[in-house]
Amino acid sequence: MAEDPVDIYFKQLELARVLNSGEQLKDCYGVKTARQIRLRLAVLRAVACVADVPTVAPDRFRQLEGSSRLRFSVDAVPFCIIFEPIEPRLKSRGKVDLRKITSVTILEIVEK
């Protein structure tokens with residue numbers, strides 16, 4: 001586990017309740033998908049910054065395109081966990097420095 005893991009917050013209280021309860025997670029998403037979601041959240045909690053989240057399957061961390069806000073996702077097949085940094089930090093050339101993103105807000109879980 002990382003020395004200072006990524007801090008995870010939730011956009012809505014109900015989302016936090018579901019994602020932090022194994023039983024509610026299974027009720028909402030089924031056993032297999034609930035396991036995938038728990039594993040992806042465990043990865044986020046185990047890394048020091050989002051740059052350390054694997055970009056290959058099964059995690060497939062990626063930046064979402066087409067949004068005016070800085071958003072990312074990880075796979076929890078057949079869903080994606082959508083999140084955004086608490087404070088996006090930029091490099092000098094305007095590119096996002098993923099190593100500086102250490103706090104995220106989980107926005108939603110959406111079907112792929």
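Side notes on the structure shown:
- Restricting segment 29-43 to residues that are under 13 Å from the mean Cα position of the chain (by Cα) and in contact (Cβ under 8 Å) with a residue 12 or more places away in the chain, the residue that is surrounded by the most Cβ atoms within 10 Å (Cβ to Cβ): 40
- Taking every residue in segment 61-74 that is part of a strand (DSSP E or B) and pairing it with any residue that is among the basic types (Lys, Arg) and surrounded by 18 or more Cβ atoms within 10 Å (Cβ to Cβ), at least 6 positions away or on another chain, the pairs with Cβ-Cβ distances below 7 Å are 74/40.
- Matching option when the condition is at pLDDT below 95 and surrounded by 14 or more Cβ atoms within 10 Å (Cβ to Cβ), among 18, 47, 6, 53: 6
- When residue 108 is tested against (1) assigned to a strand (DSSP E or B); (2) touching a residue at least 40 places away in the same chain (Cβ under 8 Å); (3) closer than 22 Å to residue 4 by Cα, exactly one condition is not met: (3).
- Single unsatisfied condition, residue 57 versus (1) of a type in the set (A, V, I, L, M); (2) more than 18 Å from residue 102 (Cα to Cα); (3) in contact (Cβ under 8 Å) with a residue 60 or more places away in the chain: (3)
This table checks each residue for (1) over 14 Å from residue 106 (Cα atoms); (2) outside any loop (DSSP other than H, G, I, E, B); (3) acidic (Asp, Glu); (4) under 12 Å from the mean Cα position of the chain (by Cα).
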residue	(1), (2), (3), (4)
9	no, yes, no, yes
15	no, yes, no, no
27	yes, yes, yes, no
45	no, yes, no, yes
48	yes, no, no, no
56	yes, no, no, no
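The values are calculated or read from the model by the stated rules, or taken from the named source; none is laboratory data. Because the structure is predicted, anything quoted here is derived from the model rather than measured. FYI the Cβ positions are ideal-geometry reconstructions off the backbone, even for glycines, and counts take in every protein chain you see.
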